[in-house]
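Beneath this line is the structure, given in C-alpha cells, with notes to follow.
Values quoted throughout were computed directly from the atomic coordinates according to the rules given, and no laboratory measurement underlies them. Computed from a predicted structure; not experimentally measured. When we count neighbours, we look across all protein chains shown, and the Cβ atoms used for this are built from the backbone with ideal geometry, even at glycine.
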Amino acid sequence: MKFWGYTKELQHAESPQPAELPEVTISATPAELRAIAHFLAKVADEIEVHGSDFEHEHFATDDENNPSLVIFNPDALS
C-alpha cells in the first residue's frame, strides 16, 4: 500500500504529478469515517470481482470544498 497526493501548489502546476506521502492524517467526524469505511469496503469488493479491469474510484462528497479521496488498484497497471 502506498499513499499519493497533491499539495495545493502541485494541483496548479503546469503538469501536476502526485507525490508519494509517507503519512496521511484524516480529520473527520464519526459519520464521515463510517462513510469512508463503507466506501473502502465497497471498492475492495469491486477490485476482487473485476481484478485488474478495475482502475480507480472517487469517494463522492456533497461538499466541493472537501478533499478528494481516490482509491487506485495497482494491479490495473499490469
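The charge dipole of the chain, taken about the Cα centre with unit charges on the Cβ atoms of Lys, Arg (+1) and Asp, Glu (-1), comes to about 220 debye, rounded to the nearest 20. Here each label is just a point 7 Å from Cα along the line to Cβ, and for residue 4 and residue 25 those points are 2.5 nm apart. Charge tally around residue 75: other residues with Cβ under 13 Å, Lys/Arg +1 each, Asp/Glu -1 each, net -4.
A DSSP coil position with no more than 11 other Cβ atoms inside 10 Å describes the following trypsin sites (Lys or Arg not before Pro) in the chain: 2.
For residue 69, the residues whose modelled amide H falls within less than 5 Å of its own, excluding neighbours fewer than 5 places apart on the same chain, are 59. Among 68-74, 10-16, the peptide with the highest mean count of other Cβ atoms within 10 Å heads the list, and the full ranking is 68-74, 10-16.
Our helix-only sum for the chain, with -39,500 (n - 2.57) per DSSP H run of n ≥ 4 divided by its residues, gives a mean residue ellipticity at 222 nm of -10000 deg cm²/dmol.
Dividing the convex hull volume of the alpha carbon atoms of the chain by its residue count, what do you get in Å³ per residue? Provide the component values of the computation, followed by the final result.
On the way: hull volume 9.5 nm³, N = 78.
Dividing the Cα hull volume of the chain by its residue count gives 122 Å³.
Using the Cβ atoms and a cut-off under 14 Å, what net charge is assigned to the surroundings of residue 56, where Lys and Arg are +1 and Asp and Glu are -1? Combined, the nearby Lys, Arg, Asp and Glu give -3. For the range 18-63, the list of GluC sites (Glu not before Pro) that fall in a loop by DSSP and count at most 15 other C-beta atoms within 10 angstrom reads 23, 55.
If you average the sequence gap of Cα pairs under 8 Å that are 6 or more apart and divide by the length of the chain, what percent do you get for the contact order?
Details: 59 pairs, mean separation 16.7, N = 78.
Reported relative contact order: 21 percent.
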